[in-house]
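The structure under discussion appears below in the form of structure tokens.
The values are calculated or read from the model by the stated rules, or taken from the named source; none is laboratory data. It should be emphasised that the depicted structure is a prediction, and the values quoted were computed from it without experimental measurement. Please note: Cβ atoms are built from the backbone with ideal geometry, for glycine as well, and neighbour counts cover all protein chains shown. We work out accessible area using only protein heavy atoms, side chains counted, and drop any ligands, DNA or RNA first. Shrake-Rupley method; radii C 1.70, N 1.55, O 1.52, S 1.80 Å.
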Amino acid sequence: MSKVCRRCEKTRPLDSFMKAGRELLSCAPCREYARANNHKNRRANPDKVRADNLWSFYRIRPQEYDARREAQDHRCAICGKHESELRVRSRGRPRLDGTPNSEPFRLVVDHCHNSRRVRGLLCAECNVGLGAFQDSPEVLMAAARYLLAREDVPLMLESGPAMQA
Ligand SMILES: [Zn+2]
Ligand SMILES: [Zn+2]
């Protein structure tokens, strides 16, 4: 009994496709090659891992992330916090042993939800904040007006000597 491998298209004995009692689509040498390369790449090539993570998390290429990061001086585009001050949120896909595999993204990628266009890089808090306000400039401005209006009240009530001059 033999079978054609779906991957290398070579005919090999059926034995080569059996694993734990199941018949697989690719032959043993192909599976071994894929496995070895997968592990090797993920360990030896952090750039590739970073690119994969950026793509799977944010659908963005490393070049675009780095260009924006540079343009924003490594700071959140809203609150201005530097990425070194930010807590680590996403570590990317971990290694098989569970340890982080590449530099984490302290600044997350903010997308416009309708166009999917990248708007900028934000700290996690600001990014969540935008979402909480439905990504709406109107609602955010109303919230700012609300806060500013309430800030005025205590200032007027506790006007000290300096304020009375
Ligand atoms: Zn094969
Ligand atoms: Zn921020």
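For this structure, a couple of remarks:
- Residue in the stretch 86-96 that is surrounded by 11 or more Cβ atoms within 10 Å (Cβ to Cβ), within 16 Å of ligand 2 (Cβ to nearest atom) and modelled with pLDDT of 85 or more present: yes
- Check on Glu70, at pLDDT 95 or above, closer than 30 Å to Val128 by Cα and open to solvent by 100 Å² or more (accessible area, probe 1.4 Å): yes
- Filter pass, Gln63 being open to solvent by less than 60 Å² (accessible area, probe 1.4 Å) and either under 21 Å from Cys112 (Cβ atoms) or within 16 Å of ligand 1 (Cβ to nearest atom) (or both): no
- Residue pairs meeting the criteria (Cβ under 9 Å; at least 6 apart or on separate chains; first of a type in the set (A, V, I, L, M, F, W, C), in the stretch 52-74; second assigned to a helix (DSSP H, G or I)): Leu54/Pro62; Leu54/Glu64; Leu54/Tyr65; Trp55/Pro62; Ile60/Leu54; Ile60/Arg68
- Residues in the stretch 113-135 that are in a helix (DSSP H, G or I) and either touching a His at 6+ places or on another chain (Cβ under 6 Å) or hydrophobic (A, V, I, L, M, F, W, C) (or both) were compared, and the one that is farthest from ligand 2 (Cβ to nearest atom) is Ala132.
- Residue that is modelled with the highest pLDDT, among those in the stretch 1-45 that are within 35 Å of the chain's Cα centre (by Cα) and away from ligand 1 (no atom under 15 Å from the Cβ): Asn45
- The residues of the stretch 46-59 that are under 9 Å from the mean Cα position of the chain (by Cα) and open to solvent by less than 90 Å² (accessible area, probe 1.4 Å), listed by number, are Asn53, Leu54, Ser56, Tyr58.
- Evaluation of Ala143 against the conditions (1) within 15 Å of ligand 2 (Cβ to nearest atom); (2) modelled with pLDDT of 80 or more shows that the sole unmet condition is (1).
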